[in-house]
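Here is the structure we will look at.
Read-outs throughout are calculated quantities, based only on the coordinates presented, and are distinct from any laboratory measurement. This structure is a prediction, so every number in the text was calculated from the model and none was measured. Backbone-built Cβ (ideal geometry, glycine too); neighbour counts: all protein chains shown.
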Amino acid sequence: MKLHTMLGTALVVSVVSVTSGAQSSPGPTRSLPAAPDAANRLVPAQQSPYLGSVSTEPLHPGVVELSLHDALNRGLKANLGLFLSHTTAEKSRAARWQALSELLPHVEGSLRESTQRINLRALGIPLATLPRTVDVSNSDARVNLTQSLVDLTSISRTRAARLSEEAAQSDYKDARETVVVAVSTAYLAVLTAKVRLNLAQADLKTAEALYQLAKDRESSGLNPEVDTLRAQVEMQARQESVIEANNTLAKRKIVLLRLLGLNIHQPIQLTNPLRKQGFKSISSQEAYHQALESRQDYRSAREQLRSAELAKQAAELERAPKLGVEANYGALGTAPGNAVSTWNLGVALHIPVFEGGHIRADVSAADATLREKQAELEDIRNRIAQEVEDALLDLDSANKQVEVSQAALGYANRALTQSKDRFSAGVTNNVEVIQAQEALAGANEQWVNSLYEYSIAKVSLGRATGTAEATARSLLDSQNLASRAR
């Protein structure tokens with residue numbers, strides 16, 4: 001399979017591995033394990049041309065506003081992987097024309113002037129009445145034509161080249177799907193990082209308020225100093241979370257800017273908020289059939305298999321006779337002034353008798369290629385079934401996780417409010433409040449993670465079924481579940 005097809009599968013989940021810890025908790029919330037890191041399912045950035053761009057725009061004045069639609073359009077224009085795929089398609093088109101040229105007429109013109117001195121004695125001609133040497137001049141202006149009439153090998157090779165060109169076009173369309181996945185995932189990563197920053201800043205404000213409350217109660221003699229120290233430690237931990245979240249957001253923006261061909265210092269504002277869109281339930285069998293109809297890598301594999309079959313047929317037909325015609329017409333004389341019209345027309349039949357094993361070697365090589373393409377087609381068919389099933393399972397799981405995490409977030413907010421009230425009333429110390437605050441931070445993180453994973457699962461299902469672009473363009477067009485990322 002083509003390189004971009006393999007990379008496309010890896011890029012379905014995330015293209016943000018260049019900044020490590022994409023899904024880890026943004027701060028020292030140690031009571032919860034880190035969420036799954038999407039970067040573990042991605043090839044390193046330096047190995048993928050789909051994380052680069054062919055041009056870089058100069059800095060634009062002010063802030064560039066980017067919707068997901070704008071980002072996709074920019075990515076499809078500037079992506080390096082798509083550019084390389086397009087050049088591959090152009091090479092395949094050139095190869096088809098090269099194969100077709102064997103069946104088309106070949107016409108060439110020539111103009112020749114020559115003078116030659118000939119030794120008649122060396123030719124064995126009696127010299128009794130002839131000079132020892134003679135000078136011969138020749139002037140020839142001619143048009144030559146060669147045309148293949150029957151060449152079964154070239155016919156099969158031309159048909160094979162046409163299918164190879166169609167396969168390259170399918171690969172190009174599949175590359176577009178890969179670019180869409182890369183851009184939409186990077187866009188979602190920036191949105192998610194911005195939401196995490198907002199939550200970290202909100203946690204910091206809460207921690208500062210609790211620290212001030214603990215300090216005031218200590219000053220009033222209502223609480224010991226240890227409560228103030230605990231609140232201060234928690235406040236500093238939340239400051240670290242804000243610093244880390246800021247750093248992560250900046251890196252996510254750089255990844256997105258690179259994908260879009262923008263200057264990495266360009267200020268941007270994402271106009272789409274992070275959303276959760278409902279999805280129409282679809283069975284794995286329906287999704288599988290849709291994938292077989294829509295996925296361009298599968299179509300490319302079928303076209304490559306058919307091309308390999310024709311290439312083997314062409315190799316076998318090398319044993320067949322070939323029929324062609326050769327003709328020329330021109331003016332021939334000793335000088336241009338005395339040239340007269342001459343012409344020649346001939347038909348040639350070429351019958352291979354013994355090629356020294358050349359035909360056998362060609363057939364053997366073509367047969368090996370054919371068996372490779374058959375195995376690749378069967379493998380991609382099985383891989384599509386696996387990717388569709390995995391995407392459906394991930395989407396169902398992510399949908400449930402969003403619901404659970406949203407409920408948990410509500411409980412954590414209520415618990416923190418009650419703990420603050422109990423501490424303010426002197427019923428308990430601030431250990432309970434700090435624990436509630438960390439639980440809220442963890443619930444926020446789980447909620448953001450679930451929302452991000454849900455969006456990625458939607459993109460993954462679109463990629464698996466061959467509808468990544470349509471899925472991405474409708475990804476954020478639904479009910480808003482997060483604050484607008486700016």
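Computed from Cα positions, the angle between helix 68-78 and the longest principal axis of the chain comes to roughly 30 degrees.
Candidates 377, 105, 353 compared by Cα position along the dipole of the chain: farthest toward the positive end lies 105, with charges placed on Cβ. Charge dipole (Cα centre; +1 on Lys/Arg Cβ, -1 on Asp/Glu Cβ; no other charges) of region 80-125 amounts to roughly 200 debye. Can you work out the base-10 log of I(q)/I(0) for region 235-301 at q = 0.21, 0.22 1/Å, using the Debye formula on its C-alpha atoms alone? Once normalised to I(0) and log-transformed, intensities are -0.92, -0.94. For residue 276, the residues whose amide H sits under 5 Å from its own are 481, ignoring neighbours fewer than 5 places away on the same chain, with H placed 1.01 Å from N. So for the chain, averaging the separation of alpha carbon pairs under 8 Å that are six or more residues apart and normalising by length, what relative contact order in percent results? Value for the chain: 25 percent. Charges were assigned to the Cβ only: +1 to each Lys and Arg, -1 to each Asp and Glu. The resulting dipole of the chain about its Cα centre is roughly 760 debye. Extent along the principal axes, Cα only, for region 417-474: 60, 16, 9 Å, with the longest axis given first. So what's region 363-477 giving for Rg/Rh, alpha carbon basis, Kirkwood Rh from the mean inverse pair distance? Radius of gyration over Kirkwood radius for region 363-477 works out to 1.36. Within region 289-337, all pairs of alpha-carbon atoms sorted by distance into 5 Å bins from zero give the percentages 5, 13, 11, 10, 9, 8, 8, 7, 7, 6, 6, 4, 3, 2, 1, 0.
In summary, region 3-473 shows an alpha-carbon radius of gyration equal to 1.61 times the 2.2 N^0.38 Å reference for compact globular proteins. Mean residue ellipticity, 222 nm, helices only, the chain: the sum of -39500 (n - 2.57) across DSSP H runs of n ≥ 4, divided by residue count and rounded to 500, is -21000 deg cm²/dmol.
The alpha-carbon of residue 276 sits under 21 angstrom from the alpha-carbons of these lysines, leaving out residues fewer than 8 places away in its chain: 194, 400, 458. Partners of residue 215 within straight-line reach, counting lysines whose Cα lies under 20 Å from its Cα and excluding those fewer than 8 residues away in the same chain: 205, 420. The residue list 264, 249, 220 was ranked by how far each Cα lies along the charge dipole of the chain toward its positive end, using unit charges on Cβ atoms, and 264 comes out on top.
Residue-wise HN-Hα couplings along region 245-259, as the Karplus relation 6.51 cos²θ - 1.76 cosθ + 1.60 with θ = phi - 60° gives them from phi, are 5, 4, 5, 4, 4, 4, 5, 4, 5, 4, 4, 5, 4, 4, 5 Hz; Gly and Pro carry x. When the chain is described by a simple charge dipole with +1 on each Lys and Arg Cβ and -1 on each Asp and Glu Cβ, the residue from 462, 209, 278 located farthest towards its positive end is 462.
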